[in-house]
Amino acid sequence: MPVTPDHVYSDTDIPKKTTVAIIGGGIIGVATALELAERGVDVTLLEKGVIAGEQSSRNWGWCRQMGRDPREIPLILTALEAWRGMNARIGAETGFRQSGILYLCETDAELAARETWYERNAKPFGLDTRLISGEEAESLQPGATRRWKGALFTSADGRAEPFMAAPAMARGARAKGAKIFTHCAVRGLETSAGKVSAVVTEKGRIACDTVVLAGGAWSRRFLGNLDIPFPQLSVVNSVMRSAPIETPLERSCSAGKFAIRKRLDGGYTITHRHLSVADIVPDSVLLFREFLPALKVDWSGLRLRFGRRFFDEARLKRRWALDETSPFEEVRVLDPEPVTSILDEASESLKEFFPVFRDIEIVQRWGGVIDATPDAVPVMSPIAQLPGLYLATGFSGHGFGLGPGAGRLMADLVTGATPCVDPAPFRYTRYFDGTKPQPTTGF
């Protein structure tokens, strides 16, 4: 069964010019378009496939501050404030509910690791996060087969529906003046006097002096055609959902080898707590050779595999002219096969820990491609090599929750407004200025 986010119809007449063009109709691009439209900026969003067709509709649906890299915490606080008011803001349902999230700890080592994160991050930022006892964890998430050592709990964290959220926000952006085009790939950029002067789409040229590239897993390929290097690895995460089931488990949680989220329809989104897969493809081989030896990368939880995607990816152009069909027209939606063994392992772990799920019916499995950076922190930044180009990508599996905050920050950057958070941790140049950024969380 294919992943089918809620439909967003396309505008029909490509404008001759726009103030800001956004490349990519995932949650980051959509949230940026919404912010800009609300500020009265003439903004056009261009998506090669459908709105939220890739990772923005395929993620877990968690909106969390807990467990994040400290560089992301100010941004997630901004994002969660926006999530809480999003339904009223756009007059539509995104599925957001402030339900709380639990990291359940079975061992002393797990609890110690959570306590370390709490002391280093939750306390300094004043987060609504608590270390709780095993008894309180059982009362909040009842029915487990074992006694917990304790848990990390954040009541202010929430969840939203990936199939619904970005499409609803896109319709909200259109209602506020944004133009939105689907099945309209951007082939590249035109420049004048060394600055961006236009985007060239498969349906025509649009003059503009500001472009936001929010292309997710496609960003590295797009930038490569502009001779702009970017260290980004495509990582496949596997997810499944169940039919509706009656349980007392309202809060999202992780333990063992599983992570779950209650869905609006009464079912659950279920995934593996730890494991993702990086396909060995020509681009990943280049990435390993060009960038990763110089950076410290945490590979725990990542499996490498060689398969059909090597040949699929090898057929895609790495270079093309603006009057040629681009790779983005050849593959409208990345739709990788989920890794059955990983999902089976997650399912068995869930049933072992919570017997209420032993007769659960799985109705859909899918894969999504995460755009991972070496430090698992996104880039939201101007690109000095090409004035007028801004990058918003590399969210490393953390982007859904960050989406509304990222949209606000990108709108601040492109309009010259005072940034809502310090943008320095997200600068593009950190990979090239000797910083050697390191991850503190995984993707």
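The values are calculated or read from the model by the stated rules, or taken from the named source; none is laboratory data. Note that this is a predicted model, so its numbers are computed, not measured. As a convention, Cβ positions derive from the backbone with ideal geometry for all residues, glycine included, and neighbour counts pool all protein chains shown. Note: areas computed on protein heavy atoms with side chains; ligands, DNA, RNA excluded. Shrake-Rupley method; radii C 1.70, N 1.55, O 1.52, S 1.80 Å.
Structure notes:
- Any hit, the range 345-365, residues being open to solvent by less than 40 Å² (accessible area, probe 1.4 Å), assigned to a loop (DSSP other than H, G, I, E, B) and at pLDDT below 95: no
- Screening residue 8 with (1) touching a residue at least 40 places away in the same chain (Cβ under 8 Å); (2) open to solvent by 20 Å² or more (accessible area, probe 1.4 Å); (3) out of contact with any Phe, Trp or Tyr (no Cβ under 8 Å at 6 or more places or on another chain) gives one miss only, at (2).
- The listed residues are 39, 68, and the only one of them that is over 26 Å from residue 388 (Cα atoms) and basic (Lys, Arg) turns out to be 68.
- Taking the range 375-384 as the range and being open to solvent by less than 10 Å² (accessible area, probe 1.4 Å) and assigned to a loop (DSSP other than H, G, I, E, B) as the test, the residues that pass are 375, 376, 377, 378, 383.
- Within the range 183-213, if we keep just the residues that are surrounded by fewer than 21 Cβ atoms within 10 Å (Cβ to Cβ) and among the polar types (S, T, N, Q), the residue that is nearest to residue 318 (Cα to Cα) turns out to be 191.
To keep it simple, each residue is scored yes or no on (1) surrounded by 24 or more Cβ atoms within 10 Å (Cβ to Cβ); (2) at pLDDT below 95; (3) in a loop (DSSP other than H, G, I, E, B); (4) in contact with a Phe, Trp or Tyr (Cβ under 7 Å, 6 or more places away or on another chain).
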| site | (1), (2), (3), (4) |
| --- | --- |
| 135 | no, no, no, no |
| 151 | yes, no, no, yes |
| 170 | yes, no, no, no |
| 177 | no, no, yes, no |
| 180 | yes, no, no, no |
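- When residues of the range 309-344 are limited to those that are within 29 Å of residue 255 (Cα to Cα) and either more than 24 Å from the chain's Cα centre (by Cα) or modelled with pLDDT of 95 or more (or both), the one least open to solvent (accessible area, probe 1.4 Å): 343
- Listed conditions (1) part of a strand (DSSP E or B); (2) in contact with an Asp or Glu (Cβ under 7 Å, 6 or more places away or on another chain); (3) open to solvent by 30 Å² or more (accessible area, probe 1.4 Å); (4) more than 22 Å from residue 389 (Cβ to Cβ) are all met by residue 163, apart from (1).
- Checked against (1) within 26 Å of residue 421 (Cβ to Cβ); (2) surrounded by fewer than 24 Cβ atoms within 10 Å (Cβ to Cβ); (3) touching a residue at least 24 places away in the same chain (Cβ under 8 Å), residue 43 passes all but a single condition, namely (2).
- Filtering the range 406-419 for residues that are under 18 Å from residue 59 (Cβ atoms), open to solvent by 10 Å² or more (accessible area, probe 1.4 Å) and in contact with a Pro (Cβ under 7 Å, 6 or more places away or on another chain) leaves an empty set.
- Selection count, the range 151-187, where residues are farther than 26 Å from residue 9 by Cβ and not hydroxyl-bearing (Ser, Thr, Tyr): 7
- Restricting attention to the range 13-24, the residues that are crowded, with 23+ Cβ neighbours inside 10 Å and touching a strand residue (DSSP E or B) at 6+ places or on another chain (Cβ under 6 Å) total 5.
- Subset of the range 385-397 [over 19 Å from residue 411 (Cβ atoms) and open to solvent by 10 Å² or more (accessible area, probe 1.4 Å)]: 385, 386, 397
- Of everything listed in (1) charged (D, E, K, R); (2) farther than 30 Å from residue 21 by Cα; (3) under 26 Å from the mean Cα position of the chain (by Cα), the single unmet condition for residue 187 is (2).
- Of all residue pairs spaced 6 or more apart or on separate chains, those with beta-carbon atoms under 9 Å, a first member in the range 336-363 that is over 15 Å from residue 241 (Cα atoms) and in contact (Cβ under 8 Å) with a residue 60 or more places away in the chain and a second member that is acidic (Asp, Glu) and open to solvent by 50 Å² or more (accessible area, probe 1.4 Å) are 353/106; 356/246.
- For the range 63-121, the set of residues classified as in contact with a strand residue (DSSP E or B) (Cβ under 6 Å, 6 or more places away or on another chain), under 24 Å from residue 163 (Cβ atoms) and either open to solvent by 30 Å² or more (accessible area, probe 1.4 Å) or among the basic types (Lys, Arg) (or both) consists of 64, 97, 98, listed by residue number.
- Residue 146 modelled with pLDDT under 95, open to solvent by 50 Å² or more (accessible area, probe 1.4 Å) and among the charged types (D, E, K, R): yes
- For first residues located in the range 241-265 and β-branched (Val, Ile, Thr), partners that are open to solvent by 10 Å² or more (accessible area, probe 1.4 Å) and part of a loop (DSSP other than H, G, I, E, B) and lie 6+ apart or on another chain with Cβ distances below 7 Å form the pairs 245/266; 245/360.
- Residue count for the range 137-149 satisfying the condition of being in a loop (DSSP other than H, G, I, E, B) and hydrophobic (A, V, I, L, M, F, W, C): 2.
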